[in-house]
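J.: Structure provided below as C-alpha cells; questions to follow.
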Amino acid sequence: MREFGKGALMAALTLLGMATANADSMRCGRYLVNIGDSQSRVLDLCGEPQRAWQDGFIEETLRRSDGYYPPSAAPNLYPGPVYEKEIRRVIPVFKWEYNLGRGTFLKTLVFHSDTLVGIIDGPRQ
C-alpha cells in the first residue's frame, strides 16, 4: 500500500510539473521582475527577450453613471438628469519570451500596453 501511495504521488507531481503555470514574479540575475512593472523596467533588468510579438488587442469599455433622477423624484435636490458615460479604449497585448538557460522554465511575459500583467511558465529548457 505504501508503494502505491509513493507511485501516485510521483505521478501527480510529474503531471503538475508538465502543466503551464502562472507566476507573479521572475528572477533576472539578482533582480526581480513583478506584475505591474513597465516594459522599460523589464528591458533594463532582463535585457532583450529571445522573442517578442504583438498578440492582438483587448477592447476595454468603462461605464460611469452619476445617477439619473427624474425631475418628479427630486425636483429641488437635483438640477437635471445625468446620463451614463461610456469610454472605450483599445489596449495592445504584447508577449515577450525569455529562455533563462538550461534546466529552467521558458518564461512568457504578457503585457497589456506597457504594463506587465502575467508571467507564464512554459516547458523546461
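J.: Could you please find all residues in segment 1-54 being modelled with pLDDT of 90 or more, under 21 Å from residue 123 (Cβ atoms) and small (Gly, Ala, Ser)?
T.: Those that are modelled with pLDDT of 90 or more, under 21 Å from residue 123 (Cβ atoms) and small (Gly, Ala, Ser): 25, 52.
J.: Please report, ordered by residue number, the strands (runs of 3 or more DSSP E) entirely within segment 24-64 with at least 2 residues that are in contact with an Asp or Glu (Cβ under 7 Å, 6 or more places away or on another chain) and not aliphatic (A, V, I, L, M).
T.: 51-64
J.: Follow-up. Within segment 92-114, is even one residue modelled with pLDDT of 95 or more, exposed (fewer than 15 other Cβ atoms within 10 Å of the Cβ) and among the β-branched types (Val, Ile, Thr)?
T.: No, that holds for no residue.
J.: Give the residues of segment 86-117 that are small (Gly, Ala, Ser) and closer than 21 Å to residue 62 by Cβ, sorted by residue number.
T.: 113
The values are calculated or read from the model by the stated rules, or taken from the named source; none is laboratory data. Model, not experiment: these values are computed from the prediction. For neighbour counting, all protein chains shown are included, and Cβ atoms are generated from backbone atoms with ideal geometry for every residue, glycine included.
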